[in-house]
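Asks: Pasting in a structure now, in structure tokens, and then I'll have a few things to ask.
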């Protein structure tokens, strides 16, 4: 697999909206065509040189470039994330550097995929699902989504998940942990023959589910994909 070359480009914030009291959605327009990414990758962003780089995963598909979307969870501990939540407005410019990450979705290699997500970990996996959803020629590809959400009030990007669920190639299962308990590896059942599993979410969830898939379900190691951010 050939990964895109990293580059630094300017982008303009074209739209922003609140998803829940904890999450926001951002849509940027890149100002040149040198930036490319694969579904599942992330970028670094900052408004200017006085801010540190903040790392965020793309949630849009690469086919939407020069536009790209980010989904962020509120957190004032990082100056750039705090700026995005409290100060950023339409028309603001930012610098973007990337892409980064090697956990990516390739429809030609991953014909049947299971996306297991929790918290703001939905974003890179949404990029994967949207890549399939937007390519109607991939008639034999299938994706099953397991989305762990604390409660309906914290269900980010609900409309997008509902839209994906209308695609006959994609099945979406939402687990509300406050009512149903935490998502575990032995509750992940799919009618796929030899799927690839992509995991993104809180560290404890990734550890438990990845080990359960590898040891409990005997899934081959090269079929379980995740990146550790901790």
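Asks: Could we say that residue 153 is more than 16 Å from the chain's Cα centre (by Cα) and in a helix (DSSP H, G or I) here?
Replies: Working: more than 16 Å from the chain's Cα centre (by Cα): yes; in a helix (DSSP H, G or I): yes.
Here the answer is yes, as residue 153 does meet what is asked.
Asks: I'd like the full set of residues that are touching a strand residue (DSSP E or B) at 6+ places or on another chain (Cβ under 7 Å), surrounded by fewer than 19 Cβ atoms within 10 Å (Cβ to Cβ) and under 22 Å from residue 100 (Cα atoms), limited to segment 185-224.
Replies: Passing the criteria: 202, 223.
Asks: Also, quick follow-up: Is it the case that some residue within segment 174-197 is free of Cβ contacts under 8 Å to residues at least 12 places away in the same chain and either closer than 22 Å to residue 68 by Cα or under 16 Å from the mean Cα position of the chain (by Cα) (or both)?
Replies: No, segment 174-197 contains no residue that is free of Cβ contacts under 8 Å to residues at least 12 places away in the same chain and either closer than 22 Å to residue 68 by Cα or under 16 Å from the mean Cα position of the chain (by Cα) (or both).
Asks: Got a number for residues in segment 132-145 being under 19 Å from residue 195 (Cα atoms) and surrounded by fewer than 24 Cβ atoms within 10 Å (Cβ to Cβ)? So that I can check it myself, show each step before the final result.
Replies: So the first thing to find is which residues in segment 132-145 are under 19 Å from residue 195 (Cα atoms), and the list is 132-133, 138-145.
With the extra rule that they be surrounded by fewer than 24 Cβ atoms within 10 Å (Cβ to Cβ), the set shrinks to 132-133, 138-142, 144-145.
So the count comes out to 9.
Asks: Next question. Quick one: residue 109 ticks every box in (1) surrounded by fewer than 16 Cβ atoms within 10 Å (Cβ to Cβ); (2) touching a helix residue (DSSP H, G or I) at 6+ places or on another chain (Cβ under 8 Å) except a single one, so which number is it?
Replies: (2)
Asks: Which numbered condition trips up residue 17, out of (1) surrounded by 14 or more Cβ atoms within 10 Å (Cβ to Cβ); (2) free of Cβ contacts under 8 Å to residues at least 60 places away in the same chain; (3) in a strand (DSSP E or B)?
Replies: Residue 17 satisfies every listed condition except (1).
No value in this document is a laboratory result; all are computed from the given coordinates. Please read all numbers here as calculations on a predicted model, not as lab measurements. All Cβ positions, even for glycine, are placed from backbone atoms using ideal geometry, and neighbour counts span all protein chains on display.
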